[in-house]
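*Asks:* What follows is a structure written as structure tokens; I'll ask about it next.
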Amino acid sequence: VLSLPKFIVSLNDSQPMLNDPFEWLFTIDSNPESKLKLIKNEKEIVLGKDNRIKLSKEIETKENRKLHKYKLYFANILADDLGIYIIEASNKAGESK
């Protein structure tokens with residue numbers, strides 16, 4: 001069944017410490033799996049260009065649904081990392097933020 005991406009757990013407000021590692025956890029329920037876009041201060045961040053920021057994923061099956069659990073990991077927080085972050089999730093059914 002085709003379903004719009006729905007954030008089960010979203011990014012929460014955080015105040016990471018400079019020069020420390022930091023991770024954000026979020027979970028999305030969607031079918032098919034969503035394409036993700038990471039936006040910081042209204043500009044898209046292309047993951048992979050900066051090896052300090054990584055996105056990992058695991059899939060959990062719950063009640064015949066696949067929940068996509070993500071971890072956005074910063075190896076160390078720099079002053080330039082501070083800002084407003086948004087995750088956009090999209091699939092054939094639509095888009096959610």
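*Asks:* Measure off 7 Å from each Cα along the Cα-to-Cβ vector at ILE84 and GLU63, then give the distance between these two points in nanometres to one decimal.
*Replies:* A separation of 3.3 nm, rounded to one decimal place.
*Asks:* Given labels modelled 7 Å from the Cα in the Cβ direction, how far is it in nm from LYS6 to GLU33?
*Replies:* 2.1
*Asks:* Quick check: residue separation of LYS97 and GLN15 times 0.36 nm, minus the Cα distance between them. What number comes out in nm?
*Replies:* On the way: separation 82, 0.36 × 82 = 29.52 nm, distance 2.05 nm.
Taking 0.36 nm per residue and subtracting the Cα distance, the gain is 27.5 nm.
*Asks:* Continuing with the same structure: Report the normalised scattering of the chain as log10 I(q)/I(0) at q = 0.15, 0.23 Å⁻¹, calculated by the Debye formula with identical scatterers on the alpha carbons.
*Replies:* -0.61, -1.25
Bear in mind that the values in this text are calculations on the coordinates, not laboratory data. Note that the coordinates shown come from a computational prediction; the quantities given were computed from them, not determined experimentally. Counting neighbours? That spans all protein chains shown, and the Cβs are built from the backbone with ideal geometry, glycine included.
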